[in-house]
1. Find the residue count for the stretch 116-154, including only residues that are farther than 30 Å from S177 by Cβ and in a helix (DSSP H, G or I).
2. For the stretch 93-115, how many residues are part of a helix (DSSP H, G or I) and open to solvent by 90 Å² or more (accessible area, probe 1.4 Å)?
3. List pairs: first residue in the stretch 35-55 and under 23 Å from A152 (Cα atoms), second residue assigned to a helix (DSSP H, G or I) and open to solvent by 80 Å² or more (accessible area, probe 1.4 Å) anywhere in the structure, Cβ distance under 6 angstrom, at least six positions apart or on different chains.
4. Looking only at residues in the stretch 5-18 that are modelled with pLDDT of 75 or more and part of a loop (DSSP other than H, G, I, E, B), which one is least open to solvent (accessible area, probe 1.4 Å)?
5. If you take the residues of the stretch 19-37 that are of a type in the set (S, T, N, Q) and part of a loop (DSSP other than H, G, I, E, B), which of them is most open to solvent (accessible area, probe 1.4 Å)?
6. Which of the following residues is surrounded by 13 or more Cβ atoms within 10 Å (Cβ to Cβ) and in contact with a Phe, Trp or Tyr (Cβ under 6 Å, 6 or more places away or on another chain): V40, V76, V48, V82?
7. Do we find a residue being closer than 23 Å to N147 by Cβ, open to solvent by 50 Å² or more (accessible area, probe 1.4 Å) and of a type outside the set (G, A, S) anywhere in the stretch 51-60?
Amino acid sequence: MSQEIHTQITAEEIGHEFEGHAPTANVSDYAVEDWITLIVFWLMAGCVFLQFFTRYVLNDSYAWTEEIAINCLIGVVFLGSVMCVRTSRHIQVDVFYHYMPAGLARVLATFVDIVRICFFAYGCHLMWRYVDIVADEQMVTIDLPRNIVFYAVLVAFALMLIRAVVVFIANMRRGYSVLERPEEFQTVEG
């Protein structure tokens with residue numbers, strides 16, 4: 001059994017690690033849905049802050065802030081998932097691909113892409129049916145239709161479907177996916 005080796009480092013050396021330049025953000029890396037997700041996130045954060053302020057500072061909370069924050073969280077999760085599909089950042093198990101023959105790995109990765117497309121298509125179908133079922137419901141604390149939230153989820157599923165098809169086409173053209181060669185998809189910062 002080998003012994004772990006720990007290199008001693010001084011506080012000054014640790015401090016120098018923070019002197020590097022922060023990586024610059026490239027705005028072209030973001031799509032429209034990313035910006036919408038950011039707006040919905042800050043709307044949610046504002047509602048949570050307002051809920052906290054009115055409840056603990058004013059001792060008289062606004063009931064509507066909790067419902068709006070919950071609905072914004074739903075939007076952030078599903079719209080944020082679109083970005084994960086576009087950038088292939090959903091949780092995935094790729095360790096098996098390192099031990100498979102390249103041909104089998106390619107077939108399995110293609111199968112995963114097809115299953116993902118089918119899943120999002122089925123999600124679109126289910127959300128369309130669900131929105132139709134709850135079309136007349138109102139939110140509890142404010143006079144808005146509840147289907148606004150579900151239409152946002154439906155749009156997110158449709159965007160995930162589109163992004164999954166685009167990723168599938170790119171994987172087919174490239175000849176490999178992130179499952180087969182994750183190192184090719186790592187971003188270099190600095």
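The values are calculated or read from the model by the stated rules, or taken from the named source; none is laboratory data. Treat the numbers as computed from the prediction; the structure is a model and nothing was measured. Virtual Cβ from ideal backbone geometry, glycine too; neighbours counted across all protein chains shown. Heads up: the accessible areas ignore ligands, DNA and RNA and are worked out on the full protein's heavy atoms, side chains in. Shrake-Rupley method; radii C 1.70, N 1.55, O 1.52, S 1.80 Å.
1. Within the stretch 116-154, the first condition is being farther than 30 Å from S177 by Cβ, and the residues that meet it are 129-151.
Right, trim to in a helix (DSSP H, G or I) and you get 129-133, 147-151.
Selection size over the stretch 116-154: 10.
2. Taking the stretch 93-115 as the starting set, the residues that turn out to be part of a helix (DSSP H, G or I) are 95-98, 102-115.
Narrowing further to those that are open to solvent by 90 Å² or more (accessible area, probe 1.4 Å): 96, 98, 104, 107, 111.
Result for the stretch 93-115: 5.
3. Cβ pairs passing all conditions: M44/L73.
4. Top of the filtered list is T10.
5. Going residue by residue through the stretch 19-37, those that are of a type in the set (S, T, N, Q) are 24, 26, 28, 37.
Keeping just the survivors that are part of a loop (DSSP other than H, G, I, E, B) gives 24, 26.
Working: T24: 128, N26: 78 Å².
Result: T24.
6. It is V76.
7. no
For every residue, the table says whether it meets (1) without any contact (Cβ under 8 Å) to a residue 60 or more places away in the chain; (2) surrounded by 14 or more Cβ atoms within 10 Å (Cβ to Cβ); (3) within 24 Å of the chain's Cα centre (by Cα).
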| site | (1), (2), (3) |
| --- | --- |
| Q138 | yes, no, no |
| A152 | no, yes, yes |
| M160 | no, yes, yes |
| V167 | no, yes, yes |
| A170 | yes, no, yes |
| S177 | no, yes, yes |
| R181 | yes, yes, yes |
| F185 | no, no, yes |
